[in-house]
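Enquirer: Would you mind keeping the following structure in view while I ask a few things?
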Amino acid sequence: LPCIEALQARGVCCIAAAPRAETPLWQYDFRRPTALLLGNEGQGIQPDLLARCDLKVGIPVTRELDSLNVSAAAAALLCESARQRSAGAPA
């Protein structure tokens, strides 16, 4: 928790990848300073950490999948971040 608070105090937005989050990843502006929190594949992000995050973003998946594994989720988030930063504008 001190790490999240220290980042936020320096203007870094802490976002969590969470299943069924209301905000799809492409609606977040990754051009701003951002820290990504990813949970483990079994239990996800601890509730106390999730509560401290500024925003929860989701990666839409088909109904057959409950969630992505952590490496696939990281790849999707980092790809969207790179896309936005190279284009100079959010989606």
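Enquirer: Nothing charged except the Cβ atoms of Lys and Arg (+1) and of Asp and Glu (-1): what's the magnitude of the dipole of the chain about its Cα centre? Round to the nearest 20 debye.
Expert: Details: 9 positive and 9 negative charges, 66 e Å.
Rounded to the nearest 20 debye, it is 320 debye.
Enquirer: Rounded to the nearest 5, what % of DSSP beta bridges with both residues in the chain are antiparallel?
Expert: Values: 1 of 10 bridges.
Here the antiparallel bridges make up roughly 10 percent for the chain.
Enquirer: Have a look at A18, T62, A87 and report the one farthest towards the positive end of the charge dipole of the chain, computed about the Cα centre with Cβ charges (Lys/Arg +1, Asp/Glu -1).
Expert: A87
Enquirer: Of all the accessible heavy-atom surface of the chain, with the other protein chains kept in place and a 1.4 Å probe, what percent is carbon and sulfur?
Expert: Ligands and nucleic acids excluded, carbon and sulfur reach 54 percent.
Enquirer: Sticking with this structure for a sec: May I ask you to give the solvent-accessible area per residue for the chain, in square angstrom, as obtained with a 1.4 angstrom probe?
Expert: For the chain, the per-residue accessible area is 64 Å².
The values are calculated or read from the model by the stated rules, or taken from the named source; none is laboratory data. What you are looking at is a predicted structure, and each value in this text was computed from that prediction instead of being measured. Don't worry about glycine lacking a Cβ; one is built from the backbone with ideal geometry, like all the others, and counts go over all protein chains shown. To get the accessible areas, we keep the full protein, side chains included, count just its heavy atoms, and leave off ligands, DNA and RNA. Shrake-Rupley method; radii C 1.70, N 1.55, O 1.52, S 1.80 Å.
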